[in-house]
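Comments concern the structure below.
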Amino acid sequence: MRRIKLFEDFTDQKIKGPLSGLTKLRDSIAEKYFKIGEIDKKEGEVIGEYEGVKVRVINRNLVRDEMPEWDIYIGSHHWGKKTDYIPEDEIWIVQNPEFDIKRVKKLLDHEIIERQMMRALEDDRGMDPQTAWEEAHYYLKQMGF
């Protein structure tokens, strides 16, 4: 049986080959996370694009009345639980001054991978969102996300 590579295995070494460009792109988006000021509008701010998917940072204090799930969530996407209002080509993450660069990279990786998995499970296999989430999270935990 093949061992699933953990997130930490990727963070401490240089990635080479086809993944290197995506890793650099993810890293540049994560760095932009720390360069934006406090978000003062409900729609948040797009800080980058990852293979056609926009990464939007939101201020949970500005959206929690209309979207109470953001009291708990730190990231999500259209195929997430109770977040089908997020455009299909976006990932949302919360602005949190306690996050460090490693946490933001891991969050981006989690949301990108989860989005792809849940989209395939729901759209291609017809799974309901809860079952797709459970299936995706099983594998994400195995990978250390």
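The values are calculated or read from the model by the stated rules, or taken from the named source; none is laboratory data. Predicted model, so just to flag it, every value in this text is computed and none were measured. FYI the Cβ positions are ideal-geometry reconstructions off the backbone, even for glycines, and counts take in every protein chain you see.
If you check A132 against the conditions, is it surrounded by 13 or more Cβ atoms within 10 Å (Cβ to Cβ), touching a Leu at 6+ places or on another chain (Cβ under 6 Å) and either hydrophobic (A, V, I, L, M, F, W, C) or over 21 Å from L22 (Cα atoms) (or both)?
yes
Evaluate region 129-144: report whether one residue or more is more than 21 Å from V63 (Cβ to Cβ), of a type in the set (F, W, Y) and in contact (Cβ under 8 Å) with a residue 12 or more places away in the chain. Steps first, answer last, please.
Let us first name the residues in region 129-144 that are more than 21 Å from V63 (Cβ to Cβ), namely 130-132, 134-144.
Those left that are additionally of a type in the set (F, W, Y): 138-139.
Next, from what is left, pick out any that are in contact (Cβ under 8 Å) with a residue 12 or more places away in the chain: 139.
Yes, region 129-144 has at least one match.
Look at G37 and say whether it is at pLDDT below 95, closer than 17 Å to P97 by Cα and surrounded by fewer than 18 Cβ atoms within 10 Å (Cβ to Cβ).
For G37, the condition - at pLDDT below 95, closer than 17 Å to P97 by Cα and surrounded by fewer than 18 Cβ atoms within 10 Å (Cβ to Cβ) - is met.
Within region 43-101, how many residues turn out to be in contact with a Pro (Cβ under 7 Å, 6 or more places away or on another chain) and surrounded by fewer than 18 Cβ atoms within 10 Å (Cβ to Cβ)?
Matching residues across region 43-101 total 1.
Name the residue, out of F145, F99, that is outside any helix (DSSP H, G or I), under 20 Å from T23 (Cα atoms), modelled with pLDDT under 90 and out of contact with any Gly (no Cβ under 8 Å at 6 or more places or on another chain).
Of F145, F99, the one residue that is outside any helix (DSSP H, G or I), under 20 Å from T23 (Cα atoms), modelled with pLDDT under 90 and out of contact with any Gly (no Cβ under 8 Å at 6 or more places or on another chain) is F145.
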